[in-house]
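Scroll down for the structure; my scribbles are underneath it.
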Amino acid sequence: MKYLSCLAYLISSWLVLSLAASVQAQDPLPQPTSQPTLQPKSQPVQEQAKKSIKSPATTATSAAATLAPKAAKVAKMVKPAGAKLASLQEGPVETPEEFLYEYLLSEIAGQRGQPTEAVRGIFELAERTGDPRLASRALEVAFQSGLMNEAREATILWLELEPNSGVARQVLGRMAGNDLVASQASFSRWLATPGKASILLMNVSSIFARFADKSGNLAAVRELAKPYPRLAESHYAMAQSALLAAENKSASAEIDEAIRLKAGWPQAAILKAQILREAKRDGAEQEALNYLQDFLKSHPEAADARLIYARLLVAQKSYLSAREEFRKIDADNSLKKITDPESPYAIALISLQIEDYAEAEKQFLRTLDAKPRDSNPVFFNLGMAAEAKKDPDSAISWFRRVGEGEYFVTAKLKAAGLMAKRDGLESGRKYLHDAQSAEEEKPEIRIQLILAEAQLLRDAKEFQLAFQLLDEALKKNPDTAELLYDRAMVAEKIDKLDVMEADLSRVIELKPGYAHAYNALGYTLAERNKRLDEAYELIQKAVKLAPDDPFIQDSLGWVQFRLGRMDDALGTLKKAYETRRDPEIAAHLGEVLWAAGQRDEAQKLWRTALLENPGHDALAGLIAKYASK
């Protein structure tokens, strides 16, 4: 069992595989764009880079804001206050001055009590320029004025211009109604609007996915799609809903019909790959990969499909191939003069994973040049690359640039650890003390920084100092579960088992759903071969709360071994090690193999694990212990 510190959830992590966001149920809030999951060595992966989504008020006006330097000139062109928008030209907007003139006319109309003219003017500009920010602005003005029909039209236009907009889809869902019956009735009316069936059908399944009855949702979508058998989008909608309802066979048939009606459609190819991947058979993920690979051979320009293909390659740990696909996406963006920080960031992450640190650093710097929404993950990973290159000064510099957010405390800990190695332990502690002092008015962050200092001391094997630090912190912050848990972990190291048991019992009272508290207590009892029935019961509770956690499975296998259930222990530990090749799991599995008489296999496992984790004391000790037996 590997104890998890309360800092574990902050340890560096990056991007999560999402094959097709369009088939996921809509959450109450719009979701950030997903990216490939990369497994950093010996660190758990969690989604941390959260992207902010600007409000319609912010994004819409930015289209005009870029033309602000011309405002003084254009202001002279503005007509008298009573001017109507009927005078707007019918043709395309040809110059920035004309665009700004028309935009200002619309805004002035709204301020002068002519909301219908204002909405119509901004709506027409959105249609002519293809700018989704203007559609979102038209929606905002319509909402503020109570013009609900215009608001719906603006939302549908927004989705036409930005098909993956979670905000627009969420707004349309709220307009449709709060239950399936009302939403179905709304969509039935809206679909009758000439020319809007395709875009509405592309969104109906995702909007209905917020309702719990997946079979009911599928039936409703089928009813709505029935009048449109020749529209590929109607079959796409039914395929999407069938997949969410776990009717894979029906989903496959519908997406094949959509592809027949609209050959070469990238969105349908992506959903087809998702359906293949979700199939309950061996090799399903490889089938999805092969399908997208073949599709891209005949449709190399399908950027969205290439992105999904690259993510699938990452999921299969085909990192070199994945990097080449991201490079193609990056090159295509460059040709189109698209500034996109995500492509170089993905290339950088893969390069970091495969230890191509020079390339990783180059691509992270390109990501910064592209002005990402959140620079903190880039600063953090530049620090990781510099650390791997044995350049602690640069690494510290990058880690220190990480601001508050998901990476803040972890970056402070990384910088402090490097300072401690370079200048001595007290240097690292002082850095963390200074950080704590700067966060006096933010107690939650301050506690996390105290925990970081405790981790620094634990890494230096200064367990008594770590215990004293946490003990003092608990006097000021009693019943703080994170502090109690970490003090319990340190108490175990200095044989204060009464403190450890009391702290973990209190954590369980405070957080009855915290699996690792049950696990830690149960494992400690099993490790000391004490109260094994109680240990087994505690670990079983942890398993129920986190059935797929490999460290909890490791604890289960170890207590099974202590109870003499050799076959169960072997099966459990093998499964845990397949899930995560952790050295402590390898140590336990090897001991059980040895006890079962499979000594050569045990020695081979330990040596392989030690090669993967050089310097691991427990593995080296086991090899030495059993070498002469």
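Determine whether residue 321 is open to solvent by 10 Å² or more (accessible area, probe 1.4 Å) and either among the aromatic types (Phe, Trp, Tyr) or farther than 27 Å from residue 162 by Cβ (or both).
Numbers: open to solvent by 10 Å² or more (accessible area, probe 1.4 Å): yes; either among the aromatic types (Phe, Trp, Tyr) or farther than 27 Å from residue 162 by Cβ (or both): yes.
Yes, satisfied.
When the residues of the range 222-250 are filtered to those that are charged (D, E, K, R) and either within 17 Å of residue 265 (Cβ to Cβ) or part of a helix (DSSP H, G or I) (or both), which remaining residue is least open to solvent (accessible area, probe 1.4 Å)? Before the answer, list the steps.
Taking the range 222-250 first, the residues charged (D, E, K, R) are 222-223, 226, 230, 233, 247, 249.
Restricting the remaining residues to those that are either within 17 Å of residue 265 (Cβ to Cβ) or part of a helix (DSSP H, G or I) (or both) gives 222-223, 230, 233, 249.
Numbers: 222: 87, 223: 93, 230: 214, 233: 20, 249: 179 Å².
It comes out as 233.
Looking at 530, 544, 496, 511 in this structure, which one is among the charged types (D, E, K, R), open to solvent by 60 Å² or more (accessible area, probe 1.4 Å), farther than 27 Å from residue 445 by Cβ and within 27 Å of the chain's Cα centre (by Cα)?
Residue meeting the stated conditions: 544.
For the range 346-370, give me the residue count where each residue is without any contact (Cβ under 8 Å) to a residue 60 or more places away in the chain, closer than 17 Å to residue 388 by Cβ and either among the aliphatic types (A, V, I, L, M) or surrounded by 21 or more Cβ atoms within 10 Å (Cβ to Cβ) (or both).
Residues in the range 346-370 being without any contact (Cβ under 8 Å) to a residue 60 or more places away in the chain, closer than 17 Å to residue 388 by Cβ and either among the aliphatic types (A, V, I, L, M) or surrounded by 21 or more Cβ atoms within 10 Å (Cβ to Cβ) (or both): 10 in total.
Confirm whether residue 144 is free of Cβ contacts under 8 Å to residues at least 40 places away in the same chain and of a type in the set (S, T, N, Q). Please lay out each step first, then the result.
Details: free of Cβ contacts under 8 Å to residues at least 40 places away in the same chain: yes; of a type in the set (S, T, N, Q): yes.
Yes, satisfied.
Is at least one residue of the range 450-463 open to solvent by less than 40 Å² (accessible area, probe 1.4 Å), out of contact with any Pro (no Cβ under 8 Å at 6 or more places or on another chain), modelled with pLDDT of 95 or more and among the aromatic types (Phe, Trp, Tyr)?
no
Output the residues belonging to the range 539-583 that are assigned to a helix (DSSP H, G or I), more than 18 Å from residue 529 (Cα to Cα) and among the acidic types (Asp, Glu).
Listed by number, the residues that qualify are 567, 578.
Let me confirm something: among 60, 64, 83, 71, which residue is of a type in the set (A, V, I, L, M), under 26 Å from residue 193 (Cβ atoms), modelled with pLDDT under 90 and touching a helix residue (DSSP H, G or I) at 6+ places or on another chain (Cβ under 8 Å)? Please lay out each step first, then the result.
Values: 64 fails: under 26 Å from residue 193 (Cβ atoms); 83 fails: under 26 Å from residue 193 (Cβ atoms); 71 fails: under 26 Å from residue 193 (Cβ atoms).
60 is the lone residue from the list that is of a type in the set (A, V, I, L, M), under 26 Å from residue 193 (Cβ atoms), modelled with pLDDT under 90 and touching a helix residue (DSSP H, G or I) at 6+ places or on another chain (Cβ under 8 Å).
Give the residue, chosen from 572, 579, that is under 30 Å from residue 537 (Cβ atoms), open to solvent by 50 Å² or more (accessible area, probe 1.4 Å), modelled with pLDDT of 90 or more and of a type in the set (Ser, Thr, Tyr).
On the way: 572 fails: open to solvent by 50 Å² or more (accessible area, probe 1.4 Å).
Matching residue, one of 572, 579: 579.
Residue 430 - would you say it is closer than 22 Å to residue 449 by Cα and either touching a residue at least 12 places away in the same chain (Cβ under 8 Å) or under 23 Å from the mean Cα position of the chain (by Cα) (or both)?
The answer is no for residue 430.
What about residue 204, is it open to solvent by less than 10 Å² (accessible area, probe 1.4 Å) and assigned to a helix (DSSP H, G or I)?
For residue 204, the condition - open to solvent by less than 10 Å² (accessible area, probe 1.4 Å) and assigned to a helix (DSSP H, G or I) - is met.
Anything in the range 257-295 that is in a helix (DSSP H, G or I) and open to solvent by 70 Å² or more (accessible area, probe 1.4 Å)? List them, or say none. Talk me through it step by step, then tell me what you get.
Kept after step one, since they are in a helix (DSSP H, G or I), are these residues of the range 257-295: 257-261, 266-278, 284-295.
Matches in the range 257-295: 260, 278, 286, 293, 294.
Just name the residue that is farthest from residue 459 (Cα to Cα) out of those in the range 398-412 that are assigned to a helix (DSSP H, G or I) and out of contact with any Gly (no Cβ under 9 Å at 6 or more places or on another chain). Spell out the reasoning first.
Here is the first cut: in the range 398-412, the ones assigned to a helix (DSSP H, G or I) are 398-400, 408-412.
The next check asks that each one be out of contact with any Gly (no Cβ under 9 Å at 6 or more places or on another chain); those that pass are 408-410, 412.
Values: 408: 19, 409: 16, 410: 14, 412: 15 Å.
That would be 408.
The values are calculated or read from the model by the stated rules, or taken from the named source; none is laboratory data. Computed from a prediction, not measured in an experiment: that's the story for all the values here. In this analysis, Cβ positions are derived from the backbone assuming ideal geometry, glycine residues included, and neighbour counts consider all displayed protein chains. When the accessible area is computed, the model is the full protein with side chains, heavy atoms only, and any ligands, DNA or RNA have been set aside. Shrake-Rupley method; radii C 1.70, N 1.55, O 1.52, S 1.80 Å.
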